[in-house]
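The values are calculated or read from the model by the stated rules, or taken from the named source; none is laboratory data. The structure displayed is predicted, hence computed values, not measured ones. Virtual Cβ from ideal backbone geometry, glycine too; neighbours counted across all protein chains shown.
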């Protein structure tokens, strides 16, 4: 069953790429579908599965996993960045990409396909209380770190409230 679901997901991704190349759908169709997923499907999954969870101390470990992985990733990349001669903007992109995965969009279907529907509530906890909570703060830190080398096209940043703070992973740099 898991292999069938995984193969179906890969087939759908390939079909989407083919349709984009052949221009089967009108311009902006992908944006519309993404908005439906973000504003309808993902909140529905959260409202469906979170009430079924019994909050227990074991869930705290699940919430801490992405934070611990982020800390390990940050430490490793901060050590490797000078050796690899990475610019600050390259380091910021690597930090964002290694710390935060696509745990909702692709993660929920993968968890359901590989571990079954009983594991989906735990994926929601990992995603919502782990990576989702981390994303805005970490993105603001990364924007602040790269702001000196990349000028935004708008007068204000999307993270204007974070940009003036003196905290973050680059504050010691």
Which is at pLDDT 70 or above and surrounded by fewer than 17 Cβ atoms within 10 Å (Cβ to Cβ), of 136, 152, 158?
136
From 86, 94, 60, 77, grab the single residue that is without any contact (Cβ under 8 Å) to a residue 24 or more places away in the chain and not in a helix (DSSP H, G or I).
86
Regarding residue 103, is this residue buried (at least 19 other Cβ atoms within 10 Å of the Cβ), in a loop (DSSP other than H, G, I, E, B) and at pLDDT below 75?
yes
Could you grab the pairs with beta carbons closer than 7 Å, sequence gap of 6+ or different chains, first residue in the range 31-52 and farther than 15 Å from residue 109 by Cα, second one in a helix (DSSP H, G or I)?
50/121; 50/124; 52/121
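Of all residues in the range 6-28, how many are surrounded by 11 or more Cβ atoms within 10 Å (Cβ to Cβ), closer than 30 Å to residue 125 by Cα and over 22 Å from the mean Cα position of the chain (by Cα)?
First, pick out the residues of the range 6-28 that are surrounded by 11 or more Cβ atoms within 10 Å (Cβ to Cβ): 6-9, 12-13, 15-16, 19-20, 24-25.
If we keep only those that are closer than 30 Å to residue 125 by Cα as well, we get 6-9, 12-13, 16.
Now drop any that are not over 22 Å from the mean Cα position of the chain (by Cα), which leaves 7-8.
Within the range 6-28, residues that are surrounded by 11 or more Cβ atoms within 10 Å (Cβ to Cβ), closer than 30 Å to residue 125 by Cα and over 22 Å from the mean Cα position of the chain (by Cα) number 2.
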Within the range 57-77, tally of residues that are exposed (fewer than 11 other Cβ atoms within 10 Å of the Cβ) and either within 15 Å of residue 124 (Cα to Cα) or under 16 Å from the mean Cα position of the chain (by Cα) (or both):
2
Looking only at the range 28-56, how many residues end up being over 15 Å from residue 112 (Cβ atoms) and part of a helix (DSSP H, G or I)?
15
For the subset of the range 106-124 comprising residues that are assigned to a helix (DSSP H, G or I) and within 14 Å of the chain's Cα centre (by Cα), which member is nearest to residue 48 (Cα to Cα)?
124
Condition broken by residue 33, with the remaining ones in (1) surrounded by 12 or more Cβ atoms within 10 Å (Cβ to Cβ); (2) under 20 Å from the mean Cα position of the chain (by Cα); (3) within 17 Å of residue 126 (Cα to Cα) satisfied:
(3)
